[in-house]
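Working notes for the structure below.
Each reported figure results from applying straightforward, stated rules to the coordinates on display, with no laboratory input. Bear in mind that the values here come from a model prediction, so they are computed numbers and not experimental data. Neighbour counts run over all protein chains shown; Cβ positions are idealised from the backbone, glycine included.
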Amino acid sequence: MTGALCGKRIVVTRPRAQAPRLAAWIAKEGGEPLLFPLLDIAPTDEPEPLRVAIAELDAYALAVFISPNAVEYSVPAILSSRGWPADLQAVAIGQGSVALLAAYGIKNTLAPLERFDSEALLELPALQRPCVAGKRVVIFRGNGGRELLADSLRERGAEVDYVSCYQRSAPDSAAVLEALWRSEQLDALTVSSSEGLRNLVDLLDAPARASLRTTPVFVPHPRIAELAQKLGLQRVILTEPADAGIIAALNVYNWRS
């Protein structure tokens, strides 16, 4: 096997449904991807808010999807009950969500083109005060999360409703990672959410936490990098956004350092 990542075991911590693309890229470059989702995704156990939102969908001007999971756990339910309203503008934080919406027939989704976070979304012209004041906005997301998007839109005069259409939870154990660190068979991790990183640190025993501090950790957002550094991680590599940014950074990393 040849490639920039030959012989490297790299942990992919994205939710299981979003992990295969990055894992395949790692394998193509000769690496050995290990899937270890730091967030388990499941349908919400409180489906009533989604049912209400579906019934009132025509009243909204914007429908915002926080993640691909938000699309997967809301759009099929919407389309099984009714058509997508012609005047409802779909908005998404990432290009993965845009692609999924298009696969469901929802076209012309608005989304940032470079940074994929709430801050970038709030810079879109369609989300400025003149466009959203007096309008209703529905945000499809998981349980909990940052309040910046809704708070900012409300400050701009919008009426905002959250719909938690799926729930996130931490895995029960990190024994497989702890064993790999003990045998020195874990070369790097990719971490794509701050919540997932907190889950990882909470799961690990003391020796594994010590190993994590000196293991290369590739993250695609400055906010995750900042948290990693606060948690004492010493080899944090901030990549360009999304899977493409992570794989590019993995390929050029100096593994001998």
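Would you calculate a helix-derived [θ] at 222 nm for the chain, using -39,500 (n - 2.57) for each DSSP H run of n ≥ 4 and dividing by the full residue count, to the nearest 500?
After summing the helix terms and dividing by residue count, I get -10500 deg cm²/dmol.
Looking at the stretch 149-179, which GluC sites (Glu not before Pro) are in a loop (DSSP not H, G, I, E or B) and have at most 13 other Cβ atoms within 10 Å?
On the way: sites: E155, E159, E178; in loops: none.
Answer by residue number: there is no such site.
Given Cβ point charges of +1 (Lys, Arg) and -1 (Asp, Glu) and nothing else, what value in debye, to the nearest 20, does the dipole of the stretch 143-257 about its Cα centre take? Spell out each step's value before the answer.
Values: 12 positive and 15 negative charges, 80 e Å.
It comes to approximately 380 debye.
If you fit an axis through the alpha-carbon atoms of helix 242-252 and take the longest principal axis of the Cα set of the chain, what angle between them do you get, 0 to 90°, nearest 10?
Around 20 degrees separate the two axes.
With 25 Å as the cut-off, how large is the P(r) tail for the stretch 42-168, expressed as percent of Cα-Cα pairs?
Percent of Cα pairs beyond 25 Å in the stretch 42-168: 15.
If you take the C-alpha gyration tensor of the stretch 116-257, multiply each eigenvalue by 5 and take the square root, what semi-axes do you get, largest first, in whole Å? Can you show the working numbers first?
Numbers: eigenvalues 258, 65, 25 Å².
Its equivalent ellipsoid spans semi-axes of 36, 18, 11 Å.
If R₀ is 22 angstrom, what is the calculated FRET efficiency for the pair D202 and A102, using the beta carbon separation as r and rounding to 0.05?
E between D202 and A102, to the nearest 0.05, is 0.05.
Treat each spin label as a single point 7 Å out from the Cα along the C-beta direction, and report the A42 to R21 distance in nm.
Taking the simple label geometry, A42 and R21 are separated by 2.7 nm.
Taking only C-alpha pairs under 8 Å that are 6+ residues apart, what is the relative contact order of the chain in percent?
20 percent
To the nearest Å, what is the center-to-center distance of the stretch 185-200 and the stretch 89-161, using C-alpha atoms only?
26 Å
Mind checking which of A70, P125, A19 is farthest towards the positive end of the stretch 8-140's charge dipole, using Cβ charges of +1 (Lys, Arg) and -1 (Asp, Glu) about the Cα centre?
A19
Specify the residue with the greatest mean-square fluctuation among T109, T13, T214, computed from a Gaussian network of the chain linking alpha-carbon atoms under 10 Å apart.
Among T109, T13, T214, the largest GNM mean-square fluctuation belongs to T214.
Using θ = phi - 60° and the Karplus relation 6.51 cos²θ - 1.76 cosθ + 1.60, list the HN-Hα couplings for the stretch 182-193 in order, rounded to whole Hz, with x at every Gly or Pro.
Calculated HN-Hα couplings, in order: 4, 9, 6, 10, 10, 9, 6, 10, 10, 10, 10, 8 Hz.
Evaluate the relative contact order of the stretch 42-168 (contact order divided by residue number), counting alpha-carbon pairs under 8 angstrom at least 6 apart; express in whole percent.
The normalised contact order for the stretch 42-168 reaches 32 percent.
How far apart, in nanometres, would the label points at L231 and L122 be if each is projected 7 angstrom from Cα along the Cα-to-Cβ direction?
The two pseudo-label positions are separated by 2.4 nm.
Report the net charge of residues surrounding P112, where surrounding means a beta-carbon distance below 13 angstrom and charges are Lys +1, Arg +1, Asp -1, Glu -1.
Values: positive: R115; negative: E114, D117, E119, E123.
Computed value for this residue: -3.
Charges only on Cβ, +1 for Lys and Arg, -1 for Asp and Glu: so what's the dipole of the chain about the Cα centre, in debye to the nearest 20?
My answer is approximately 520 debye.
When N counts the residues of the chain, how does its alpha-carbon radius of gyration compare numerically with 2.2 N^0.38 Å, as a ratio?
The reported ratio for this selection is 1.08.
Need one number: nm distance between label points at N143 and D87, each 7 Å from Cα along Cα→Cβ, rounded to one decimal.
3.6 nm
Over the stretch 205-252, one equal point on each Cα, no solvent: what is log10 I(q)/I(0) by the Debye formula at q = 0.17, 0.32, 0.33 Å⁻¹?
After summing over all Cα pairs, the log10 values are -0.49, -1.10, -1.13.
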